[in-house]
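Notes to accompany the following structure.
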Amino acid sequence: MSRNSRRSREERARMELYSGQGREPGLKTEGALRRGVFLLPATITSIGLLSGFYSMVSAVSGHFEVAAVMIVIAFVCDGLDGRIARASRTSSQFGVEYDSLSDVVAFGVAPAMLAYAWALKPIGSLGIGVSGLFVLCSALRLARFNVTTATADKSRFVGLPVPGAAVMMSGLALAYSYFELDSPRMLCAFMVPITLGLGGLMISRVPYPSFKTIKLEKRAQVELVITMMVLAAMLFAMPQLTAFLLSTAYVLSGPALMLRGEQLSAKVPVLRPVAPASSSNDKSHGATGAARASEASRGTSSLSENPRVQE
């Protein structure tokens with residue numbers, strides 16, 4: 001066999017290895033499974049995003065119960081995608097940004113659209129302004145959370161979380177349908193301060209409990225099972241009223257913590273200037289060069305001071 005043909009075979013084998021064709025079947029299966037695990041949180045986030053979009057379509061069409069249920073489904077998806085990503089160690093910056101964009105639609109725009117089409121439409125432009133403020137507050141709340149998440153207290157949220165405000169809005173719509181109320185004027189007068197209040201709580205510094213740090217294995221199993229059974233029975237028997245009661249309890253938990261003695265969360269500067277990438281790179285290169293120079297000088301001095309190394 002000539003040297004050229006042998007070299008061509010080696011190059012072909014190398015190219016097949018890089019493209020994945022020369023791998024063993026087990027490795028190919030493992031790589032495909034790993035990619036599937038990475039795609040699972042993004043898929044759940046996409047389902048939540050589409051649920052928020054379908055909620056808006058249902059609200060415009062006058063199907064307010066369906067719109068409220070879609071927001072609850074988006075809430076469940078929002079809780080699942082993060083937990084699955086952390087459990088499978090597939091968290092990524094792309095997933096964090098995608099989840100934030102999905103939250104703006106599912107928990108900002110969709111509840112505001114539901115509130116306007118369901119209750120605030122009779123007051124016209126004022127209703128548009130009130131629902132628009134809800135969207136604005138939700139976007140500001142998410143932006144503040146993304147900026148301060150690295151230094152924030154893991155056991156407390158600063159302000160009402162956006163999913164909590166959205167579920168509260170859907171719970172109100174479900175409770176209105178559950179009690180078969182029919183009073184548009186009273187509903188409009190009631191929803192204006194409620195919508196503004198939820199928006200204000202989102203951008204406030206009122207502490208809210210976070211359930212991310214709760215470890216179930218440290219809780220009493222009997223108490224946990226009984227609580228879950230009671231909640232499951234309530235959801236099965238009267239899901240509309242249960243969703244309203246749970247969301248109301250969480251919205252009121254923040255003011256309840258303050259009544260028990262907790263203070264407002266500390267102010268955190270979020271409008272910080274960002275250095276240009278070029279200057280930061282220059283600084284990092286300069287710092288790296290200075291560090292290398294100092295290491296070299298230390299190494300030289302140590303060589304001159306150590307007689308054994310000199311020998």
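No lab work stands behind these numbers, since they all come straight from the coordinates. All of these numbers come straight from a predicted model, not from anything done at the bench. Here the Cβ positions follow ideal geometry from the backbone for every residue, glycine too, while neighbour counts run over all protein chains shown.
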The ³J(HN,Hα) series, computed from each phi in the range 103-113 with the Karplus coefficients 6.51, -1.76 and 1.60 at θ = phi - 60°, rounded to the nearest Hz and given as x for glycine or proline, is 5, 4, 6, 6, 10, x, 6, 4, x, 5, 5
Sorted by chain and then number, the residues having a modelled amide H within less than 5 Å of the amide H of GLU262, at least 5 places away or on another chain, are none
Between ASN146 and ALA237, the FRET efficiency computed from the C-beta separation at R0 = 41 Å comes out, to the nearest 0.05, as 0.60
The answer for PHE157, listing residues at least 5 apart or on another chain whose modeled amide H is closer than 5 Å to its amide H, is TYR208, SER210
Phi-derived 3J(HN,Hα) across the range 51-67 with the Karplus relation (6.51, -1.76, 1.60, θ = phi - 60°), rounded Hz, x for Gly and Pro, is 5, x, 5, 5, 5, 5, 4, 5, 5, 5, 7, x, 8, 6, 5, 5, 4
Along the range 85-94, Karplus-curve 3J(HN,Hα) (6.51, -1.76, 1.60; θ = phi - 60°) to the nearest Hz, with x for Gly and Pro, reads 5, 6, 5, 8, 6, 10, 5, 8, 5, 4
If each K or R counts +1 and each D or E counts -1, the residues other than GLU262 whose Cβ falls under 15 Å of its Cβ total +2
